[in-house]
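Chemist: Here it is, the structure, as structure tokens.
The values are calculated or read from the model by the stated rules, or taken from the named source; none is laboratory data. As the structure is a prediction and not an experimental result, all values here were calculated from the model. Positions of Cβ are backbone-derived with ideal geometry, glycine not excepted, and every protein chain shown enters the neighbour counts.
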């Protein structure tokens, strides 16, 4: 490539050092792409067999064996959302990028065809995506260093359950409804593997769907996915008060797992925590002014062996709002709050609780369990990452089936990012989808053919990084054979 150099101006022109290029706009060049880094996604597919795994688990989506298969379409949707497109028209944008589309394992369909194909993914086919993702996760984990792989597969498996509302602006969309916040929304219920940082199970329901109703069935699918990925350790489910139900706990126990579920603050619970002696409270881990204790309370109807851990945090009265609807005020007992607001107390305790079936006999075990439960934030990172990085900030269609598949496109994009960083880490910390897109995917390149060989030409900086990533991915091609 010819080097472009600026002409040095005459010394008689003070203050100016470089002459500007007088460039004109030329004809469009179809050999250029803004998504040259998709070559990384294509190589990841070849190494881990993503499309093949998806095809095997999804099954046929059309009566005639022609055009895109289910796995090819699912991966194409994930790739479109990985490039930052946040609507179905993104399929048309990708098709317009001839070189970028050519890097993918299969052609990208037009947006109208994409909507038609997405509508054919019913619940069994979407569950096939879950099973395929678990298989690919197992292959990607095999690329980790021995110590880290053993920690994830043989150690305790932490599954975080949570839900996220996706706001829309029309009640004409299928299975959307006003949530308790008044928003018209659909709700994503997900199960996230904290140690591996991958999504295992996901479903889209209406904005009032209850985790206590949908999660028992998700528990079965999650346990199956974890075992498919090769994990052998004890499984622990964690969830907020939206999953507080004895039926959820019974299902978790039936699958020989542990649970930690946040407990709503009720009158019997306030009476139980009031009976705890001051000497029974121990300092919380990494939380100043906080203490934890095991209280004498078992939720009615819950399985035998259930116990409740309480945490209290000391606050000055000035830090408590007089509005009883405020978040912090709701964590203070009514009697204590009334005394504090009446000027009779200088400080108060805010309480939170969770139920568990773990055997917590030592103070260190209680403090450790509370510390781990308090740090269950990685699933929130999943929702944030897919919303701002993969288009899961809205639902693009009136069809529930299409919106569910759009959700899975974002979740697959999240898992693609996770698998890539297992095989070819980009630093010590997990990078978000938007960062992966900036560093790898959105890289301008030119396609040429020399001696019947296709080549992509990047800038020097991009070429160095992409070359390193491709070399690391190719070094693990044996994973598919295993």
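Chemist: If residue 34 meets every condition in (1) surrounded by fewer than 24 Cβ atoms within 10 Å (Cβ to Cβ); (2) touching a helix residue (DSSP H, G or I) at 6+ places or on another chain (Cβ under 6 Å); (3) under 26 Å from residue 467 (Cα atoms) apart from one, which number is that one?
Modeler: Going through (1) surrounded by fewer than 24 Cβ atoms within 10 Å (Cβ to Cβ); (2) touching a helix residue (DSSP H, G or I) at 6+ places or on another chain (Cβ under 6 Å); (3) under 26 Å from residue 467 (Cα atoms) one by one, residue 34 breaks only (2).
Chemist: Kindly indicate whether residue 185 is part of a strand (DSSP E or B), in contact with a helix residue (DSSP H, G or I) (Cβ under 6 Å, 6 or more places away or on another chain) and under 24 Å from residue 121 (Cα atoms).
Modeler: Here the answer is no, as residue 185 does not meet what is asked.
Chemist: I've got another one for you. Which members of region 455-482 meet the condition of being more than 28 Å from residue 229 (Cα to Cα), free of Cβ contacts under 8 Å to residues at least 60 places away in the same chain and touching a helix residue (DSSP H, G or I) at 6+ places or on another chain (Cβ under 9 Å)?
Modeler: Selection gives 465 alone.
Chemist: Could you tell me which of the residues 148, 174 is more than 20 Å from the chain's Cα centre (by Cα), at pLDDT below 95 and part of a helix (DSSP H, G or I)?
Modeler: None of the others qualify; the one that does is 148.
Chemist: Determine which member of the set 411, 395 is assigned to a loop (DSSP other than H, G, I, E, B), touching a residue at least 40 places away in the same chain (Cβ under 8 Å), in the same structural domain as residue 136 (by TED's automatic domain parsing) and buried (at least 18 other Cβ atoms within 10 Å of the Cβ).
Modeler: The match here is 395.
Chemist: Moving to a separate point now. List pairs: first residue in region 376-390 and within 13 Å of residue 238 (Cα to Cα), second residue modelled with pLDDT of 90 or more and outside any helix (DSSP H, G or I) anywhere in the structure, Cβ distance under 6 angstrom, at least six positions apart or on different chains.
Modeler: Going by the 6 Å Cβ cut-off, the qualifying pairs are 376/160; 376/238; 378/194; 379/160; 379/162; 379/192.
One line per residue, one yes/no per condition, for (1) touching a strand residue (DSSP E or B) at 6+ places or on another chain (Cβ under 8 Å); (2) on the phi < 0 side of the Ramachandran plot:
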| site | (1), (2) |
| --- | --- |
| 393 | yes, yes |
| 405 | no, yes |
| 412 | no, yes |
| 415 | yes, yes |
| 420 | no, yes |
| 424 | no, yes |
| 427 | no, no |
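Chemist: Write out, first by first residue and then by second, each pair whose Cβ atoms fall under 8 Å of each other, whose residues are 6+ apart or on separate chains, and whose first residue, in region 439-454, is in a strand (DSSP E or B) while the second is at pLDDT below 90.
Modeler: Listed by first residue and then by second, the contacts come to 446/29; 447/454; 448/454.
Chemist: Within region 253-300, track down each residue that is closer than 18 Å to residue 211 by Cβ and touching a helix residue (DSSP H, G or I) at 6+ places or on another chain (Cβ under 6 Å).
Modeler: Those that are closer than 18 Å to residue 211 by Cβ and touching a helix residue (DSSP H, G or I) at 6+ places or on another chain (Cβ under 6 Å): 255, 259, 260, 261, 262, 264.
Chemist: Which of (1) closer than 28 Å to residue 457 by Cα; (2) part of a loop (DSSP other than H, G, I, E, B); (3) in the same structural domain as residue 116 (by TED's automatic domain parsing) is the odd one out, the single condition residue 73 does not satisfy?
Modeler: Going through (1) closer than 28 Å to residue 457 by Cα; (2) part of a loop (DSSP other than H, G, I, E, B); (3) in the same structural domain as residue 116 (by TED's automatic domain parsing) one by one, residue 73 breaks only (2).
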